[in-house]
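Below: one structure, written as structure tokens.
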Amino acid sequence: MTSPANTDAAASDAPASAVEQRLAELGLTLPEVAAPVAVYVPAVISGNHVYTSGQLPFIKGKLEATGKVSTGSEGYADEPTVSPEDAKYYAAVCAVNALAAVKSVIGDLDRITRIVKVVGYVSSDPSFTGQPGVINGASELLGKVLGDAGQHARAAVGVSVLPLDSPVEVDLIAEFA
């Protein structure tokens, strides 16, 4: 797989922030914020924190993979599975989508002073225990684009199913000035 999400070679607009410049250096652009699939908003501000709703790995408006994360040695043959490596990529896509949600409420990603917490959910085959490695995709992406401000507390949780049968979902809390 290539770099996560939302690459757009045709984009000619200069990045609006240093964070977006670092994303561009990775071949990424922020997508439009995904429309909610239920009754909620993508992000809210409380004090000097932004709380994002769970972000799925939509790429150009499409969920490109569904199913449980599995190493391939477990699971049921009739269920779709996603490899841990692909799921890690999709976790990074979720992080980019979460940054887009943050930008939608604070306007400029350079205002982020710290990613406080990341929670990643992995739709897991019952015997899969590699959730931390999958959610590293989100953590590594945030570190690359935010530097020290991207270092955060985190939870990586295995679940039986996620909305739309997504393999991963990520939400975060960002502090801003």
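Using a 1.4 angstrom probe, figure out how much accessible area the chain has per residue, in square angstrom, rounded to the nearest whole.
It amounts to 47 Å² per residue over the chain.
Over the chain, consider all pairs of different Cα atoms and compute the Kirkwood hydrodynamic radius from their mean reciprocal separation; express it in Å, one decimal.
Its Kirkwood hydrodynamic radius stands at 16.1 Å.
Evaluating 6.51 cos²θ - 1.76 cosθ + 1.60 at θ = phi - 60° for every residue in region 34-41, the Karplus couplings come out as 4, 5, x, 9, 8, 8, 6, 10 Hz, glycine and proline recorded as x. With R₀ fixed at 30 Å, the C-beta to C-beta distance from Val37 to Asp148 puts the FRET efficiency at about 0.35.
When the alpha carbon gyration tensor of region 70-146 is reduced to an equivalent ellipsoid, its three semi-axes come out at 30, 11, 9 angstrom, largest first. The smallest convex shape that holds all Cα atoms of region 137-177, its convex hull, gives 92 Å³ per residue. Can you work out the FRET efficiency for the pair Leu164 and Ala18, with r the C-beta to C-beta distance and R0 = 30 Å, to the nearest 0.05? Efficiency at R0 = 30 Å is approximately 0.35.
Rounded to whole numbers, the Karplus 3J(HN,Hα) couplings from phi for region 50-65 are 10, 10, 8, 6, x, 10, 8, x, 6, 10, 6, x, 10, 8, 7, 9 Hz, using 6.51 cos²θ - 1.76 cosθ + 1.60 with θ = phi - 60°, and x at Gly and Pro. Partner lysines whose Cα lies under 26 Å from the Cα of Lys68, excluding those fewer than 8 positions away in the same chain, are identified as Lys60, Lys88, Lys117. The calculated FRET efficiency for the pair Lys60 and Ser127, based on their C-beta separation and a Förster distance of 45 Å, comes to about 0.85.
Taking every DSSP bridge with both residues inside the chain, close to 65 percent are antiparallel.
Based on alpha-carbon atoms, the Kirkwood radius and the radius of gyration of region 110-168 give Rg/Rh equal to 1.05.
Only helices at least 27 Å long along their own axis, judged from Cα atoms, and with Kyte-Doolittle mean hydropathy of -1.0 or greater: name those in the chain from DSSP H. Long hydrophobic helices here: 84-106.
The values are calculated or read from the model by the stated rules, or taken from the named source; none is laboratory data. It should be emphasised that the depicted structure is a prediction, and the values quoted were computed from it without experimental measurement. Positions of Cβ are generated from backbone atoms using ideal geometry, with glycine treated the same way; all protein chains shown enter the neighbour counts. Surface accessibility is based on the protein's heavy atoms, side chains included, excluding ligands, DNA and RNA. Shrake-Rupley method; radii C 1.70, N 1.55, O 1.52, S 1.80 Å.
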